[in-house]
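K.L.:
Before I ask anything, let me first share the structure, which is written out below as structure tokens.
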Amino acid sequence: MSPSAASGTTPSAASASATPPTAVPGPSPSPVQEADAAPADASRPRSDWRIRFGALALIWGFSFLLIKVGTHGYAPFQVTLGRLLAGTAVLAVAMAVRREGPPRGRRTWGHLAVAAFFLNALPFSLFAYAELSIPSTLAGICNATSPLWGMALSLVALSEDRPTRRRVAGLGLGFLGVLTVLGAWQGFSGLDLGGTAMALLASLSYPVGWIYVRRTLSDSTSSALALTGGQLLLATAQLALVTPLFTTLPEAFPLLPTLAVAALGALGTGLAVLVQYGLVAEVGPTTAQMVTYFIPVVATAAGVAVLGERLSWNTPVGALVILVGAALTRSRTHDGGTRPGSRRPAGPGTVRRGRVSRS
């Protein structure tokens with residue numbers, strides 16, 4: 001919503017040693033590490049996690065619609081700052097309830113500042129600017145390309161990641177889906193190239209951030225919640241510095257856009273992270289990561305049904321091809337682990353022996 005995303009989903013630095021998630025924007029979900037995943041509690045009713053799984057897909061899928069509505073009343077940087085403020089507030093409350101302290105060490109905070117830029121401040125802002133000129137449905141589908149960018153980058157940046165025929169085929173198929181969505185055979189007629197480019201750059205920003213986090217914070221001893229909270233706090237500070245330089249104070253606070261920004265932050269950037277932690281701990285990262293594949297479906301349905309956005313045949317067909325390609329890039333190694341370049345949606349956390357830690 002990658003989750004990003006956002007998106008939507010909010011990937012974080014806590015899953016440093018984890019596999020990058022697949023997507024959400026502006027939502028954007030986050031990486032998880034499968035090797036140390038905690039087993040699900042067999043005593044819990046199966047329906048519980050399914051309800052939360054569905055809720056997570058809805059929250060991250062609707063994030064693109066909320067971004068669009070937010071931009072009807074506020075400048076893109078203001079939408080991003082508002083969502084980060086609300087998301088940080090939710091995690092601050094969660095940290096207080098769980099008596100979690102902030103991360104320690106200048107080195108950790110320095111790396112978190114870089115992670116906050118690539119995983120939150122930059123992609124959230126790009127998606128908000130993109131949706132000034134493109135439909136929320138297209139933004140949600142562009143967000144689904146994050147796993148493809150992640151695999152391509154990991155082949156270059158992660159020496160332990162090796163290509164397989166299946167994964168390379170998935171990468172090629174995924175980008176064929178992108179061309180289908182964009183209507184390449186029509187010369188991209190009727191497409192706003194600037195807005196689409198910003199949405200694709202936003203989806204590229206997530207795996208750049210994940211790879212950086214993996215290289216720099218994989219040995220952090222701070223908890224997942226503390227790292228995520230610190231990351232969002234720094235992203236908020238970054239936007240608080242930038243926003244006054246490019247915008248003026250709003251003259252009014254229209255109700256619907258204000259509620260959209262508040263919901264985007266409190267639900268998609270705050271609560272969703274906590275829900276994702278619980279899913280990873282209960283059912284394992286493999287099942288929890290499947291939420292990524294529902295996000296563009298929900299985003300498309302929401303844009304068409306609620307905002308009345310038009311949908312041509314190539315958009316859902318291309319989106320399906322992208323998701324199939326993304327699934328193929330998540331091929332497994334012989335020991336059952338997920339390849340480092342594979343990506344989830346963007347939801348949180350690494351699970352280590354019953355403890356969730358975050359990207």
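The values are calculated or read from the model by the stated rules, or taken from the named source; none is laboratory data. As the structure is a computational prediction, the values presented were derived from the model and not from experiment. Methodologically, a virtual Cβ is constructed for each residue, glycine included, from the backbone with ideal geometry; neighbour enumeration extends over all protein chains shown. The area values use the complete protein model at the heavy-atom level, side chains included, leaving out ligands, DNA and RNA. Shrake-Rupley method; radii C 1.70, N 1.55, O 1.52, S 1.80 Å.
K.L.:
Checking the structure you have, find out if any residue of the stretch 89-97 is buried (at least 24 other Cβ atoms within 10 Å of the Cβ) and modelled with pLDDT of 95 or more. If you could, list the steps in order and put the result at the bottom.
P.N.:
Just the residues of the stretch 89-97 that are buried (at least 24 other Cβ atoms within 10 Å of the Cβ), to begin with: 91.
Next, from what is left, pick out any that are modelled with pLDDT of 95 or more: 91.
Looking through the stretch 89-97, at least one residue is buried (at least 24 other Cβ atoms within 10 Å of the Cβ) and modelled with pLDDT of 95 or more.
K.L.:
Then there's this: Which members of the stretch 268-281 meet the condition of being of a type in the set (A, V, I, L, M) and either at pLDDT 95 or above or touching a strand residue (DSSP E or B) at 6+ places or on another chain (Cβ under 9 Å) (or both)? First the steps, then the outcome.
P.N.:
Just the residues of the stretch 268-281 that are of a type in the set (A, V, I, L, M), to begin with: 271-275, 279-281.
If the condition is that a residue be of a type in the set (A, V, I, L, M) and either at pLDDT 95 or above or touching a strand residue (DSSP E or B) at 6+ places or on another chain (Cβ under 9 Å) (or both), then Ala272, Val280, Ala281 are the ones that fit.
Yes or no, residue by residue, for (1) open to solvent by 10 Å² or more (accessible area, probe 1.4 Å); (2) over 25 Å from Gly70 (Cα atoms); (3) at pLDDT below 80; (4) out of contact with any Leu (no Cβ under 9 Å at 6 or more places or on another chain):
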residue: Ala266; (1), (2), (3), (4): yes, no, no, yes
residue: Val283; (1), (2), (3), (4): yes, yes, no, yes
residue: Thr300; (1), (2), (3), (4): yes, no, no, no
residue: Val317; (1), (2), (3), (4): yes, yes, no, yes
residue: Thr350; (1), (2), (3), (4): no, yes, yes, yes
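K.L.:
Exactly one of (1) at positive phi; (2) not in a loop (DSSP other than H, G, I, E, B) is unmet by His111. Its number?
P.N.:
(1)
K.L.:
Restrict the check to the stretch 50-70 and report whether at least one residue is small (Gly, Ala, Ser), at pLDDT below 50, within 19 Å of the chain's Cα centre (by Cα) and more than 15 Å from Asn120 (Cα to Cα).
P.N.:
Of the stretch 50-70, the ones small (Gly, Ala, Ser) are 54-55, 57, 61, 63, 70.
Retained after the next criterion (residues that are at pLDDT below 50): none.
Scanning the stretch 50-70 turns up no residue that is small (Gly, Ala, Ser), at pLDDT below 50, within 19 Å of the chain's Cα centre (by Cα) and more than 15 Å from Asn120 (Cα to Cα).
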